[in-house]
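**Student:** I have a structure I would like to understand better, so I am pasting it below and will then ask my questions one at a time.
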Amino acid sequence: MSFCTRSIIEQKSKAFIKFTSNGLQMNNLRKHTKQTLKINDRVAKLSYGETISIYSSEGSIKAEILFEQQVVEGDIDVILVGKVLNLEKTGNLNGIGMGIVFSKEKRILYIGEVKGLKGGSIKFTDYEDYNKLVESIKDVGISQVSYDLKILLSTMTLINSKIRYQQNINLPQDISETLTELVNILNTNCSIRNNDLNTLKNNLAKIIPEKCYWEFLEMFLEFYFIRRLPAFASRKIIKGFTQDYKVEDILKLFTKYQITDDTLNSEIESRQSMFYEKYSSLIDDEDDITEWDLMTWINQILKQKDKINNSLFQLLDKDDKFFKGKFLNYRDPNTQRTIIADYIEDFAKNAQEITIKFSGFHSMLIKFSENQIQIESNLYKEKGLSNYFFRTAQLSANNKIQNSNKVIISDSSQSIHSGEYTLKRLKDRVKRQVKFIFLIVNEYIIQTFTLENTENLYKIKIYLSKISIKPMRIKIIKNNVSVEEYISYEDMDKFIRVSIFDIKKICEPLSVLMPHIIIDFYEDANRRKIQQLALIKGKLERLRIRLINSKEKRIQILEEYINRNLTEITPEFVARLEDKSFSIRSVLLNLTAKYYEELFIIKTPEEILLRLALQAQYEALVNKKSSFDVQQTMELISESKKYADQIRGKQIVIILGSTGSGKSTASCYLMKAEMRTYITQLGDDAIEIANRNCVDEYPKICHSIGKSDNLYARGYKLSVCLKNKTPIQLMLCDCPGFRDTRGIEYELCKNLSIDRAIKSAGCIKGIIFVIQYNAFLQDGGQPVLESFQNLIDIIPGLLEEESLLDSVFILITKVSDKININTITERIRTHINEIELLIEYQSSNYDASDALQYKYQMWSKIQQINATGHLFIVNFGDFRQRKKILNAIYKSQNIHISKFSSAIVSKELYKNYADFIEIETHSWIKIVFPNFLKHLPEKITEKIQELEKNLILIDSNSNKIKSKRIEELNKGHNKDIINLEKEINNLNEKNKILNEEIVQLKKERKFMALSIYDNLKVLENLCEFCSSLNYGTLGQVRNESLESAREYIAYYTENISIIKREIFQELY
């Protein structure tokens, strides 16, 4: 028996608890016997499906929270809330308005009359049924269901603080049931207000999909027996049609969901008039749809799909948001050449016109008139500036200017401000250079171009040898000061880009244009993802370059950051920063949205702007683009040591595979994570962790091509508990994917991370190699061999040492139901046979013999792994197969650390590592640190000393003036006094200038301190990185790099404490 009295209202961050009365709470629980908590005979669950076990202990009630029958929170205090409540011996609690809330911070479970406080709003995401409803609505793939959902939401009202709505029996089963459950829970447990209901309706309305298919499939989806299926089931049937399943496979889906010819005929008999009326264009007069069976419907749908023509003009009844993200293909009706093939970024239409903006910066304006349609396409692309030198290079016989060009320098350019310029060529000059030692005279030509607009004037000088058309160097000059220098046209074209807008106009009748502007619903989702990631990177790069060029704005941002004690800048400041010459708000908001939509990363506009300003300041500081690349690399490496430390000394299983092979998903499968399939926004099947509370406990699953979400080798606990065997605790080491497309800095970081993980492990129990089935089918299985080569690079002895096969496992992922282990075995055998034939029949001078023999070795090794029973087909719902895999790992022998390559990093990366070390260490110890610690302080001291010296002279002259007789001063004839006064005035002017220079130098040092402060972690990792060169982690690199690394280590070790002290004095 226990009691508690409460007369207060407790407000928490996630829920509101109202203790509705004071009273004695009683319970009849059995002592020390754990019971599952039920409310009104129904098992109580928390928001993510956790169940609760309660028991009586020493006169008080205690609880445990369980997920998948595993205790996740134990020994929790329980408070019964409300009137006198009685928990039955079975753990059941009866009453009206009962509920539960768990305060994780206070480790208290409240059971009883839990209600929302007045004035508080309901957080719907705390309710499991709401989250289920959201996921089900997202799965909707039928336009009529979307329409019915909108109608249902419009009928939702509040009557006596209870939600009421008009039921629709034709909605998907899962949506109807979940909605009913959610409304009942809200009506029972919450005090609902109008704004709560509006929030609920708006949230659900926003996620209702807009779908459209070809007409015959749309007609078939009218059937109630399809619409009433759970949303995920109808999506699978739709996918069967859109993804070209075989007819028998579509029939299997119908059988699975109990759809028969009788089901079809029953509904047609009652609704055939509707079908004939609504779809008269599809059904001929002689057709009798009552005679059509399921096979007939399937054939008609698939037959029409081959003729599908999703013209833009046939879809104009759809909402504007329907078109966003769709792929538009526009061909010239006269030449049949493609004008635009891109994803729609923004779409707006009215009665007179349609405006479309595309991801690739193209745009299209469509205007309607009575009989004609006018289309104006604005096509965007960029070229290097050198292309325009050659256009402007046509000179007349007397070497005078014959033409000039208008060019638009793009926002992504460096060294030259963006905007429209006139490009002109000036007269060439010939220069002679005499080498006196050998008395050789070299002649070279200087071509000079000008870029001029109302604000800026640039000169571009190209130095050409008379014996070569390639430039010796290219100089960019502004105000007689060289701002940049390049060694080739290609080098310059990377950083100075010209925007090109090509306008194409067409005017044709609708009948002509109809088949030439097509909306594609089935585009390659990965193609869009890669394009979007490239666009995000491009936008960030352009904004960073703008900050490099806009020194005044960059300084304002950094000053604000310093004034706020190095905390985030505010939205109000960003708003003040913007003006006509620096309009960035829309770009930042767009980037924020893109980060979330494409990368699922939440970033504020202020975070993005500040980070770019700091990067721009660093690049401006060292004046090297390559140094910025190095900085990015060091930032990526900064966490690799932390993850290596997690693995240190553990018994690990390494899991490897190409990016996109399903490696992280396979890891989750082996770790027994509960996973679920869902449909992406682009209509593809995907897999994710079912319990969102536990996402951080498992590897992150990425569905992008060419972009591995896993950047570091990370360890995750893997318990192997098999029947009649002693359990073992392993660490599953999920390594970054091979063939990541994000750039050299990511590749460097990942290879170093894998290397560190292997060297940190106590022992290595085995290696799991993941390959997707499609790799066996492409290019004679070449993708399989390329991935397998990565494995050989890590374990060089794999082809020779048979004993290693005992600890190597291959998992085949992304396999359709009809593929089995025999299919894989046959596919491997086919590849081996093909190579045997090539070797047998090659000519005597065939130079690929060694390559063929090596391929033969690799395929033979894969065949051996299969023969040992270490090749598995992975089906993420097959728990029996998981047991077999874990059992094989359990029996495997440890791989000795000596069997691994001493350097995971490929030969191609050695030079990059070496270059990075030389560039970065040179930047810090030759440019930044000497300026910060020595040159700038010396300049400041020198200026201060000069100012003090002038002040002494001023005092001296003032004293001399005072010593003169007053009467002589009044006569105005004392030239000495007049000269002294002039000298004092001159000294004051000099001091004024000196003060300004001192302020500027101090400001410069403060900003340098900020750049160093922002890179302290990078500097620390760079020191560790340099150390790794000396003890051989990265293998052999150039001697110059080792010397540079040693020099940096010595400088860093000796001076870092002084540097830190100096920067903190500057900033705080």
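The values are calculated or read from the model by the stated rules, or taken from the named source; none is laboratory data. Note that this is a predicted model, so its numbers are computed, not measured. Here the Cβ positions follow ideal geometry from the backbone for every residue, glycine too, while neighbour counts run over all protein chains shown. What goes into the accessible areas is simple: the full protein's heavy atoms, side chains included, and nothing from ligands, DNA or RNA. Shrake-Rupley method; radii C 1.70, N 1.55, O 1.52, S 1.80 Å.
**Student:** For residue 274 and residue 295, FRET efficiency with R0 = 25 Å and r from the beta-carbon atoms, rounded to 0.05?
**Tutor:** Once rounded, the FRET efficiency stands at 0.65.
**Student:** Counting only heavy atoms of protein chains, what accessible area per residue, in Å², does the range 129-303 have with a probe of 1.4 Å?
**Tutor:** 47 Å²
**Student:** With θ set to phi - 60°, apply the Karplus curve 6.51 cos²θ - 1.76 cosθ + 1.60 along the range 261-273 and write out the HN-Hα couplings as whole Hz, x wherever there is a Gly or Pro.
**Tutor:** For the range 261-273, the Karplus-derived couplings read 4, 5, 4, 5, 5, 4, 6, 4, 4, 8, 10, 4, 4 Hz, x marking Gly and Pro.
**Student:** If you take the beta carbon distance between residue 819 and residue 719 as r and set R0 to 41 Å, what does 1/(1 + (r/R0)^6) give as a FRET efficiency, to the nearest 0.05?
**Tutor:** That pair, residue 819 with residue 719, gives E of 0.85.
**Student:** Need one word for the range 35-113: rounded, prolate or oblate. Basis is the Cα gyration tensor (sqrt eigenvalues a ≥ b ≥ c); a/c below 1.5 gives rounded, then a/b vs b/c decides.
**Tutor:** Judged from the Cα gyration tensor, the range 35-113 comes out rounded (a/c under 1.5).
**Student:** State which entries of 236/504; 211/246; 132/539 exceed 32 angstrom in Cα-Cα distance in the structure shown.
**Tutor:** 236/504; 132/539
**Student:** Further question on the same structure: Going down the table (150/349; 256/324; 663/759; 318/594; 162/321; 949/1003), which pairs top 27 Å between alpha carbons?
**Tutor:** From 150/349; 256/324; 663/759; 318/594; 162/321; 949/1003, over 27 Å: 256/324; 162/321.
**Student:** Percent of accessible area on the range 35-113 owned by carbon and sulfur, 1.4 Å probe?
**Tutor:** Heavy-atom surface of the range 35-113 belonging to carbon and sulfur, 1.4 Å probe: 46 percent.
**Student:** At 1.4 Å probe size, with the rest of the protein present, what percent of the exposed accessible area of the range 165-233 is carbon and sulfur atoms?
**Tutor:** After summing per-atom areas, the C and S share lands at 47 percent.
**Student:** Using the Karplus curve 6.51 cos²θ - 1.76 cosθ + 1.60 with θ = phi - 60°, what ³J(HN,Hα) values do you get for each residue of the range 801-815, in whole Hz, with x for Gly and Pro?
**Tutor:** Computed from phi, the couplings for the range 801-815 are 8, 5, 4, 5, 4, 4, 10, 10, 10, 10, 10, 9, 10, 6, 10 Hz.
**Student:** Right, here's the next one. Please work out the average accessible area per residue across the range 35-113, using the 1.4 Å probe convention, and give it in Å².
**Tutor:** 47 Å²
**Student:** For residue 81, what residues show an amide H to amide H distance below 5 Å, using hydrogens built from the backbone and excluding near sequence neighbours?
**Tutor:** 111, 112, 113
**Student:** Suppose a student asked you for the relative contact order of the range 35-113, using Cα pairs under 8 Å spaced at least 6 residues apart; what percent would you report?
**Tutor:** 29 percent
**Student:** Another question, if that's okay. How do 483-492, 566-575 rank on mean C-beta neighbours within 10 Å, highest first?
**Tutor:** 483-492, 566-575
**Student:** I need to check one value: relative contact order of the range 129-303, counting alpha carbon pairs closer than 8 Å and at least 6 residues apart, in percent.
**Tutor:** Relative contact order comes out at 26 percent.
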